[in-house]
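Undergrad: Handing you this structure, nothing more for now.
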Amino acid sequence: MDIFTSMEINSSGMSAERKRMNLISSNIANARTTRTPEGGPYKRQDAVFVAIALPQMGEEDGNRAPGVGISEIIEDKNEPRLLYDPSHPDANAEGYVAYPNVSVVEEMVNMITATKSYEANATSIQAAKDMAKKALNIAS
Amino acid sequence: MRVNGINIEMPKISIGNESLRKSEMIDKSGNNGFSNTLTASLGESGDNGFGDTLIAAIEDINKVQVQSDKAVEGMLVGKERNIHETMVALEKADISLKLMVAVKNKAMDAYTTIMRMQ
């Protein structure tokens, strides 16, 4: 592995965190959405991270998978919250409205985690860049 | 042609087909023309000398620079959604360019040292 591979690995981490941030934004924006195109309330979405091998890596590191990717986006299987409101247009037969199973507080915590993880990857790229520049200073 | 009553033979100046083809290749493709120019200027030595190593190194660095150009263009056009990938490509181009400059400086220092050895 050379110094550029390190930066590529962290760049894949930042891509994965950015995609996760998109899902968190969608969850927060749709926290009270009772109507979706496929019917029913909005279901909270989450991403599954998988370790992948980057395409630029050489033969010696072919078996290891240091990069990060998102393998699938899963929907939360928890039951939606039911609130009694017969006058709501989306109320069911008993008068209950199904609200999404999104907890805004939990999503805020996830958002902070995603942000800090993104910053940690950026700091790691900075460190790799500084290492390369220090090595270049040997010759000048 | 006649100048003041004297027959002057104008020498035939013709641009050789070789150099025309090579300069054509510079316009059509990026990397290939580059290395062809270098090969032409360094001489067709044929053995794995210093020239070939230099050409290979400069081609690698040129590839990285072209990638960085494409990354910036992609971000400006809106095709590339990841800002950090553009930044990483820019950093890679910067570091490899600095590396090439350092190698060039060392080579020049060695050359001047030898030339000073009267």
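Undergrad: Distance check, please: which entries in B:Lys63/B:Lys106; A:Lys19/A:Lys77; A:Lys19/B:Lys98; B:Lys63/B:Lys104; B:Lys70/B:Lys98 exceed 27 angstrom between their Cα atoms?
TA: Exceeds cut-off: A:Lys19/B:Lys98.
Undergrad: What distance in nm lies between label points placed 7 Å from Cα along the C-beta direction at A:Ser25 and A:Ser140?
TA: 3.8 nm
Undergrad: Please give the peptides A:80-90, A:111-121, A:17-27 ranked by average Cβ packing (other Cβ atoms within 10 Å per residue), highest first, as a rough proxy for protection.
TA: A:17-27, A:111-121, A:80-90
Undergrad: Output the relative contact order of chain A, whole-number percent, from Cα pairs under 8 angstrom with separation of 6+ residues. Present the calculation step by step, with values, prior to reporting the outcome.
TA: Working: 198 pairs, mean separation 44.6, N = 140.
In percent, rounded to a whole number, it is 32.
Undergrad: With unit charges on the beta carbon (Lys/Arg positive, Asp/Glu negative), name the residue among A:Met14, A:Gly67, A:Asn78 whose Cα is farthest towards the positive pole of the charge dipole of chain A.
TA: Of A:Met14, A:Gly67, A:Asn78, it is A:Met14.
Undergrad: Angle, helix A:3-29 long axis vs. longest principal axis of chain A, Cα atoms, 0 to 90°, nearest 10?
TA: On a 0 to 90 degree scale, this one is about 10.
Undergrad: Let me spell out the model: positive unit charges on the Cβ of Lys and Arg, negative unit charges on the Cβ of Asp and Glu, origin at the Cα centre of region B:67-118. What dipole size does that give, in debye rounded to 20? If you can, show how the numbers build up before the last one.
TA: Values: 8 positive and 7 negative charges, 46 e Å.
I would put it at about 220 debye.
Taken together, the values in this text are just the output of simple stated rules run on the coordinates, not laboratory data. Predicted, not measured: the structure shown is a model, and the values here were computed from it. When we count neighbours, we look across all protein chains shown, and the Cβ atoms used for this are built from the backbone with ideal geometry, even at glycine.
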